[in-house]
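The next block holds one structure in the form of structure tokens; read it before the comments.
Each reported figure results from applying straightforward, stated rules to the coordinates on display, with no laboratory input. As the structure is a prediction and not an experimental result, all values here were calculated from the model. Quick reminder, even Gly has a Cβ in these numbers, built from the backbone with ideal geometry, and neighbours come from all protein chains shown.
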């Protein structure tokens, strides 16, 4: 499983109330250019793969199962999302990027990304699942 990497600006966006992880529309998009956690802030800072063959601009919407606080720790749990190539290839891509599609200021702020270690190309009918930990969550804030 690929490791979680947060974008530094994500912390400030939460502190400023720019994001509501429990109700905002979260999305995962694919890239083949390495994100920079220290400087990337918004979706526009990320190079998205080309659209088509089953891949839509902005990637896939993800469903929030829960965003709850227990004993002082907030845990965000998301449903895994599947990308399916149809009519041709998707990719190549190496990175899955989670962002908040709801805010307009800042516009589409970044949350985190996962590095899958090497470029991946999906041929027609092949799938790729971005898996989220259903027990420990995508992230925890204590």
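Quick look at the values:
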item	result
Residues within the stretch 22-56 that are part of a loop (DSSP other than H, G, I, E, B), in contact (Cβ under 8 Å) with a residue 60 or more places away in the chain and closer than 14 Å to residue 7 by Cβ, tallied	6
The stretch 50-77, residues that are over 13 Å from the mean Cα position of the chain (by Cα), closer than 19 Å to residue 15 by Cα and surrounded by 14 or more Cβ atoms within 10 Å (Cβ to Cβ)	67, 74, 75
Selection from the stretch 115-138 of residues that are within 12 Å of the chain's Cα centre (by Cα) and crowded, with 20+ Cβ neighbours inside 10 Å	130, 132, 138
Any hit, the stretch 130-139, residues being part of a strand (DSSP E or B) and closer than 18 Å to residue 85 by Cα	yes
Hits in the stretch 57-89 (condition: in a loop (DSSP other than H, G, I, E, B) and touching a strand residue (DSSP E or B) at 6+ places or on another chain (Cβ under 9 Å))	57, 58, 59, 63, 79, 80, 85, 87, 88, 89
